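Notes follow once the structure below has been shown.
The values are calculated or read from the model by the stated rules, or taken from the named source; none is laboratory data. All of these numbers come straight from a predicted model, not from anything done at the bench. Ideal geometry is used to build each Cβ from the backbone, glycine not excepted, and the neighbour counts take in all protein chains shown. Please note that ligands, DNA and RNA were not included when accessible areas were found on the heavy atoms of the full protein model with its side chains. Shrake-Rupley method; radii C 1.70, N 1.55, O 1.52, S 1.80 Å.
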Amino acid sequence: MIDNGWDEFEIGAMLRSFDGAVKDIATTLQEDRPYSKNNSFTASVADWRIEKPVFNKDYCIDCQFCWIYCPDISIISRDKKMVGIDYDHCKGCAICVEVCPTNPKSLLMFEEKMDEDEALAGWPEKENKEK
Amino acid sequence: MAEKMELRDIEVWDGNMAASQAMRQVQIDVVAAYPITPSTPIVENYGSFLANGYVDGEFVMVESEHAAMSGCIGASAAGGRVATATSSQGFALMVETLYQASGMRLPVILNVVNRALAAPLNVNGDHSDMYLGRDSGWIQFDAYNPQNAYDLNFIAFRVAEDHEVRLPAMVHQDGFLTSHTAQGVHTLDDDTAYSFVGDFKPMNDMLDLDHPVTHGVQTEEDWHFEHKARQHHDLMTKVFPRIQAAFDAFEKLTGRKYNIVETYNTDDADAVVVCMGTAVETAVEVSNELREEGKKVGVIGIRVIRPWPYDQLLDALKGIKAIGALDRSSPNGTFGMLYNELAGTVVNGDEKKVLTNYVYGLGGRDLLKSQLREIYAELLANAEAGKPTTPLQQLIGVRGPKISFH
Amino acid sequence: MSEMKKIKNLKEFSTSADRFEGANLLCPGCAHSIIVREILNATNDDLILSASTGCLEVCTAVYPYTSWDASWIHIGFENGSTAVAGAEAMYKALKRKGRLKQPDREPKFVSFAGDGASYDIGFQWISGCFERGHNIMHVVLDNEVYANTGGQRSSSTPIGSSTTTAPAGRVSYGEKQNKKDMLAIMAAHGAPYVAQVAPNKWKDMIKKIQHGFAVEGPVFINAMSACTTEWKFLPEDTIAISDLATDSLVFPLYEIIDGTKLNITYRPKNVIPVKDYLGAQGRFKHLFKPENKHVLDEWQKRVDEKWEYLQRREEAGV
Amino acid sequence: MLEIRWHSRAGQGAVTGAKGLADVVSTTGKHVQAFAFYGLAKRGAAMTAYNRVDDQEILNHEKYMNPDYVFVIDPALVYTTDVTINDKPETVYIITTHMSTEELIESQPKLQGKNVHTVDCIKIAQETIGRAIPNTPMLGAFMKVSGMYDIEFFKESMKRILAKLPPKIVDANMLAIQRAYDEVK
């Protein structure tokens, strides 16, 4: 696509979100959608991150604060449960960590290069909040 | 369902009524419009058709010409037949959106009733607004009388909506001189008129809810040039064959023949004027009179301004020795548009031609037959001498000392 | 009218399938996309969208990528409202003429624009659309600044804010004018529904958006969009800053029905001082210098007066 | 080519009159043109309107003309504008006035030696239509002076053109056309 010449694309600089017809897109989950190569879903902004959020499901209460406040549609929730993080689209803003209400938090920021198992292994203990 | 209107074979219509009747007959889905002299009656007539059940689309009376074209773009992208009308300052206010309509390849039809641009303020006809639109990527048709204004609307819809073309088109007519001059117009009945243009065929329509589409993207140095190149390529190669086909079909239907470049008395002519709008017809009358006196003069009328009819003009100008380019717009620091474009057209040809420029008729100033006779006399002298015998650019019909350049 | 999407709680809401996609180019922590997600997820109806020039527009449709899973159009800076109004007019025309491809579906028409594109350059277009009564929703992503072009003041910029065109300096405390009251202006158009929303109060937002989708006629939504870049706070603090804004009553959440009936929709349990909100943002940093104390006082006074006014309006039922 | 120049005030219906005349003429197979000088004329301002009639297609779009007929539908314009401009020896004048032709020429020496007819279109319009819209009576007078068409044919044609007006107004216009036809001197 990126090397297409002037005669190799549709007129009008328009873009299609999907290949072929879609029905009920509002109730079709991402994994079931026929995304076109022009949908930014197929692109990645992973390299924007300096730090990445890591999800620890041991502490998660599925409150969905991270889901609703994620600006980058990068919190994957299915059937009312937090499933994980979409690292192709997460820009590392850390809002999910900030809004996580558990103690300890179920989401924490780690260096981008850190191994996930390593991050989980070193997860902090419950913090004693001052009364 | 809109009601049909019974028309006589010949109706006495001014150019505005002719344009609005054509708009009615092609059953536009959305008209978003704003009134401005002298195109206002087009909008008023349309409002009256709506009020009396002759159209059943949406008529959106917006708050400015910019909004008019913005609404037309949104409506066209949504997927249906769209048109509006404007003039002068309103056209100038629209200019931003003209580029957007053509860049998005939306087949909006704009009736431009030509009028001067302020300052000083003037409501009468010249071609300043038409010239302002000439780089906007639209197809531009030019009408010389109300009949043309009627006919060219059908042509414009048929060409613009063609999926091979998908470019917006303007139909120009002279403010007042055409728009407010009533003449006999041969009409088409409603069904015939509609079927000449046919049903609107949507393309990339936003309202196709199963096929979401993004219109009006951002491109930077990585993509912008390719998209503009594509648009230019299509204007240069795809439009004329479709216009010619539409002209041919229209002639077959009505007997009225249009040409991309109109020629009158040019066959063995030594000198021609090249002009647009009502001036073409007045010049034809003068050339007819001069022919009776044995003077070999003719007229070339530009019917399609954009894309520029280079090949057709080269052909029409074969054997012509002297050309007068008649521009009805203040060139403001250079030659008139027609002079410059004609110079670019003939400069590489084998024949030596003398090209001079006349600026006339600004702000609706009358173009007199006597002035055209003088112009022809000068052009014939140029033809005879094989070089200019006058200054290259002259302003005619202006009070005060003679004004000319180069 | 299609059935309204049922959203009892956040868990239920989280089953929504987003129609706005990631790998858009908005800043990390940008509130724009939080707002857009909340709005689009408030309905399962089809959507026809427009965007006026601004951050949202330039970051979500950069060729060859689109982040929109519904039809979307951008024309210019000023005319996104009219663009979607044109599409809405076409919908009505084709419906009447029986030419809709999916005649049983009723799309919603939404126009997104920044405060610059709404309060300033696009004001006339919006006013026209509202006067004509198009069935559209215009959403202002109000970050109180021309963020897309690097932080110039708009008529939504509040007093004392430092912007690139009204910067704080040795002899200036920044923006001198008070923020334009667009809600009052749009309510004065007689619009059936006008509301102010904030992304941190998602439930209030959903309720208002659903109300907006349910009414006939033009709906105006002013959404506070905290801007990490121009307000100068860390990306992870977007929701925290938004909480400060709503809890200090700098951004009171209310609605105006049919141009007159005003309801306050959120009353903070503990109202916090305005300076706590201002102090959390770099754009107001200079106000905490001793010589600018009067601006801080002015700020608190104006917020108090506005809250008092809103309460009186609500009480009076007009 | 037959050329007519109308002198009127904006609002008196000269444009409608010129277009109506063109419409009638067009139905007889002739080519027509009807136009006006507008400028910024608001109601009451002096203005001119024009007709061209020919057997051939009319190509000339000059506003300039040497009229065969000059219609003056407002009495004061004879004094405040030059109604004789660009005329030719054979130009025929039809002028609205309450005066006799002789009195009129005496009051405006420019008309001396010219072919002048008079009729009080204002009074006729007031008495028939009930408003000072002197355009249709002028056409009645023109039919008499020019002998262009049979008056009954002309009235029938005008009835069709005025069809969207209320029947009472149409009838009043027919009366006005006939009276001017009868009264023009």
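Is it the case that B:Gly90 is at pLDDT below 95 and more than 13 Å from B:Ala169 (Cα to Cα)? Working first, answer last.
Values: at pLDDT below 95: no; more than 13 Å from B:Ala169 (Cα to Cα): yes.
No: the conditions fail for B:Gly90.
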Would you confirm whether or not the stretch B:309-329 contains a residue that is in a helix (DSSP H, G or I) and open to solvent by less than 30 Å² (accessible area, probe 1.4 Å)? yes
Kindly check whether there is at least one residue in the stretch B:333-351 that is modelled with pLDDT of 95 or more, of a type in the set (Gly, Ala, Ser) and open to solvent by 60 Å² or more (accessible area, probe 1.4 Å). yes
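Of the residues that sit in the stretch B:41-67 and are small (Gly, Ala, Ser) and more than 9 Å from chain C (Cβ to nearest Cβ), which one is most open to solvent (accessible area, probe 1.4 Å)? Before the answer, list the steps.
Of the stretch B:41-67, the ones small (Gly, Ala, Ser) are B:47-48, B:51, B:53, B:57, B:64, B:67.
Retained after the next criterion (residues that are more than 9 Å from chain C (Cβ to nearest Cβ)): B:47-48, B:51, B:53.
Numbers: B:Gly47: 21, B:Ser48: 55, B:Ala51: 83, B:Gly53: 30 Å².
Ranking the candidates gives B:Ala51 first.
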What tally of residues in the stretch D:74-93 results from selecting those that are of a type in the set (Val, Ile, Thr), in a loop (DSSP other than H, G, I, E, B) and at pLDDT 95 or above? 4
The number of residues in the stretch D:66-81 that are over 12 Å from D:Ala141 (Cβ atoms) and either surrounded by fewer than 12 Cβ atoms within 10 Å (Cβ to Cβ) or among the hydrophobic types (A, V, I, L, M, F, W, C) (or both) is 6
If you check C:Leu49 against the conditions, is it outside any helix (DSSP H, G or I) and either more than 7 Å from every other protein chain (Cβ to nearest Cβ) or in contact (Cβ under 8 Å) with a residue 60 or more places away in the chain (or both)? yes
So in the stretch B:168-224, with the set limited to residues that are in contact (Cβ under 8 Å) with a residue 40 or more places away in the chain and among the aromatic types (Phe, Trp, Tyr), which one is nearest to the other protein chains (Cβ to nearest Cβ)? B:Phe176
Restricting to the stretch C:116-168, what's the tally of residues that are charged (D, E, K, R) and under 19 Å from C:Gly212 (Cβ atoms)? 3
Identify, by number, the condition in (1) at pLDDT 95 or above; (2) open to solvent by 40 Å² or more (accessible area, probe 1.4 Å) that D:Ile105 doesn't meet. (2)
Which condition from (1) within 26 Å of A:Phe65 (Cα to Cα); (2) open to solvent by less than 10 Å² (accessible area, probe 1.4 Å); (3) touching a helix residue (DSSP H, G or I) at 6+ places or on another chain (Cβ under 6 Å) is the one that C:Val219 breaks? (1)
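For the stretch B:1-37, how many residues meet the condition of being outside any loop (DSSP other than H, G, I, E, B), aliphatic (A, V, I, L, M), touching a strand residue (DSSP E or B) at 6+ places or on another chain (Cβ under 7 Å) and closer than 24 Å to B:Cys72 by Cα?
First, pick out the residues of the stretch B:1-37 that are outside any loop (DSSP other than H, G, I, E, B): B:10-13, B:15-25, B:30-33.
Now narrow it down to the ones that are aliphatic (A, V, I, L, M): B:10, B:12, B:17-19, B:22-23, B:30-33.
Next cut, touching a strand residue (DSSP E or B) at 6+ places or on another chain (Cβ under 7 Å) only: B:10, B:12, B:18-19, B:23, B:30-33.
Keeping just the survivors that are closer than 24 Å to B:Cys72 by Cα gives B:18-19, B:23, B:30-33.
Adding up the residues that qualify gives 7.
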So which residues in the stretch A:1-51 are touching a strand residue (DSSP E or B) at 6+ places or on another chain (Cβ under 6 Å), assigned to a loop (DSSP other than H, G, I, E, B) and of a type in the set (A, V, I, L, M)? A:Met14
Quick one: in the stretch B:103-157, of everything that is of a type in the set (Gly, Ala, Ser) and out of contact with any strand residue (DSSP E or B) (no Cβ under 9 Å at 6 or more places or on another chain), which residue is most open to solvent (accessible area, probe 1.4 Å)? B:Ala119
Where residues in the stretch C:12-40 are in contact (Cβ under 8 Å) with a residue 60 or more places away in the chain, surrounded by fewer than 24 Cβ atoms within 10 Å (Cβ to Cβ) and assigned to a loop (DSSP other than H, G, I, E, B), which of them is nearest to the other protein chains (Cβ to nearest Cβ)? C:Pro28
With respect to B:Glu96, determine if the residue is more than 21 Å from the chain's Cα centre (by Cα), within 7 Å of another protein chain (Cβ to nearest Cβ) and modelled with pLDDT of 95 or more. no
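Taking the stretch D:119-135 only, how many residues are open to solvent by less than 10 Å² (accessible area, probe 1.4 Å) and not in a loop (DSSP other than H, G, I, E, B)?
Pass one, the stretch D:119-135, residues open to solvent by less than 10 Å² (accessible area, probe 1.4 Å): D:119, D:121, D:124-125, D:134.
Now drop any that are not not in a loop (DSSP other than H, G, I, E, B), which leaves D:119, D:121, D:124-125.
Of the residues in that region, 4 qualify.
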Options C:Gln152, C:Gln177, C:Gln196; residue that is at pLDDT 95 or above and surrounded by fewer than 24 Cβ atoms within 10 Å (Cβ to Cβ): C:Gln152
Just to be sure I understand the filter: pairs with C-beta atoms under 6 Å, separated by 6 or more residues or on different chains, first member in the stretch D:94-106 and part of a helix (DSSP H, G or I), second member not β-branched (Val, Ile, Thr). Which pairs pass? D:Thr101/D:Lys185; D:Ile105/D:Leu111; D:Ile105/D:Gln112
Select from the stretch C:222-274 the residues that are in contact (Cβ under 8 Å) with a residue 60 or more places away in the chain, in a strand (DSSP E or B) and surrounded by fewer than 17 Cβ atoms within 10 Å (Cβ to Cβ) and list them in ascending order. C:Ile257
Over the stretch C:293-303, the set of residues surrounded by fewer than 18 Cβ atoms within 10 Å (Cβ to Cβ) and either outside any helix (DSSP H, G or I) or in contact (Cβ under 8 Å) with a residue 12 or more places away in the chain (or both) is C:Glu298, C:Gln300, C:Arg302
Please count how many residues of the stretch B:363-406 are open to solvent by 60 Å² or more (accessible area, probe 1.4 Å) and under 25 Å from the mean Cα position of the chain (by Cα). 1
For the subset of the stretch D:53-100 comprising residues that are of a type in the set (S, T, N, Q) and touching a Pro at 6+ places or on another chain (Cβ under 9 Å), which member is farthest from the other protein chains (Cβ to nearest Cβ)? D:Thr97
For the stretch C:277-288, does any single residue satisfy the condition of being touching a residue at least 60 places away in the same chain (Cβ under 8 Å) and open to solvent by 40 Å² or more (accessible area, probe 1.4 Å)? yes
Of residues in the stretch C:55-70 being facing chain B (nearest Cβ under 7 Å) and crowded, with 24+ Cβ neighbours inside 10 Å, the one farthest from B:Glu226 (Cα to Cα): C:Asp69
